[in-house]
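The values are calculated or read from the model by the stated rules, or taken from the named source; none is laboratory data. Because the structure is predicted, anything quoted here is derived from the model rather than measured. All Cβ positions, glycine included, derive from the backbone under ideal geometry; neighbour counts span all protein chains shown. The accessibility values were calculated without ligands, DNA or RNA, using every heavy atom of the protein model including side chains. Shrake-Rupley method; radii C 1.70, N 1.55, O 1.52, S 1.80 Å.
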Amino acid sequence: MSRVHVIDHPLIQHKLTMIRDKSTGPKDFRELVNEVALLMAYEVTRDMLLEEVEVETPICTTKGYTVAGKKIGLIPILRAGLGMVDGVLELIPTAKVGHIGVYRDPDTLKPVEYYCKLPGDSEERDFIVIDPMLATGGSASAAIEFIKERGCASIKLMCLLSAPEGIQEVQRAHPDVEIFTAAVDQRLNSHGYIIPGLGDAGDRLFGTK
Ligand code: PRP
Ligand code: URA
């Protein structure tokens, strides 16, 4: 079963509360989501490999470390995943960004894929799939499945809010994928929305409702 990491740093909890607040408008919502994404990325990449190098300081030569190993690929799930990309890119500016379009059918709550464009060197990268909301887990599981079919083997999932149902579904479908989330909420309502959640992430990011 895949591991779940709840990244509940005080700054993240503080910003998450502002994100949840229904009176937070799209501009602040977007900024806060990106800020939390940046802070989370720090933990999501904690296991990056390092290699030893020699560095000359103004005083002497010493041992240092640089990031080595596979390069990073980010894959936001359209559309709400876009809201976290810039924050992660601030920390990892050399990451390549693929996109996967999946929406949740409002009646069946089943995921529908409509777009996929990944970096050409997918086999050589460690991927972070990004979506603010893990509700039923259908969208994330389907996105990860599509990405695996296209040759991506190393995948982590990064979300702002998760429902226990969504975590369970991703763990069932993809036990190899580690999940990083800023909070695990109570449950889903009958429309598949996370309680207490933050409402519809895509609509709040892009002001479409
Ligand atoms: C939201 C969210 C996730 C999905 C989560 O996207 O961004 O992708 O729902 O729900 P699930 O875990 O039950 O699949 P939505 O389908 O609303 O599309 P949007 O990002 O285009 O608004
Ligand atoms: N998608 C959202 O944007 N919000 C939820 O609570 C569930 C799915």
If you go through segment 113-125 one residue at a time, do you hit one that is in contact with a helix residue (DSSP H, G or I) (Cβ under 8 Å, 6 or more places away or on another chain), within 21 Å of MET40 (Cβ to Cβ) and more than 16 Å from ligand 2 (Cβ to nearest atom)?
-> no
Determine, yes or no, whether VAL129 is modelled with pLDDT under 95, within 16 Å of ligand 2 (Cβ to nearest atom) and hydrophobic (A, V, I, L, M, F, W, C).
-> no
For segment 144-197, what are the residues that are open to solvent by 10 Å² or more (accessible area, probe 1.4 Å), more than 14 Å from ligand 1 (Cβ to nearest atom), touching a residue at least 40 places away in the same chain (Cβ under 8 Å) and not in a strand (DSSP E or B)?
-> PRO175, ASP176, PRO196
Where residues in segment 74-112 are closer than 24 Å to LEU38 by Cα and among the charged types (D, E, K, R), which of them is nearest to ligand 2 (Cβ to nearest atom)?
-> ARG79
What helices (runs of 4 or more DSSP H) completely inside segment 10-112 contain at least 3 residues that are surrounded by 16 or more Cβ atoms within 10 Å (Cβ to Cβ) and under 12 Å from the mean Cα position of the chain (by Cα)?
-> 26-44, 82-91
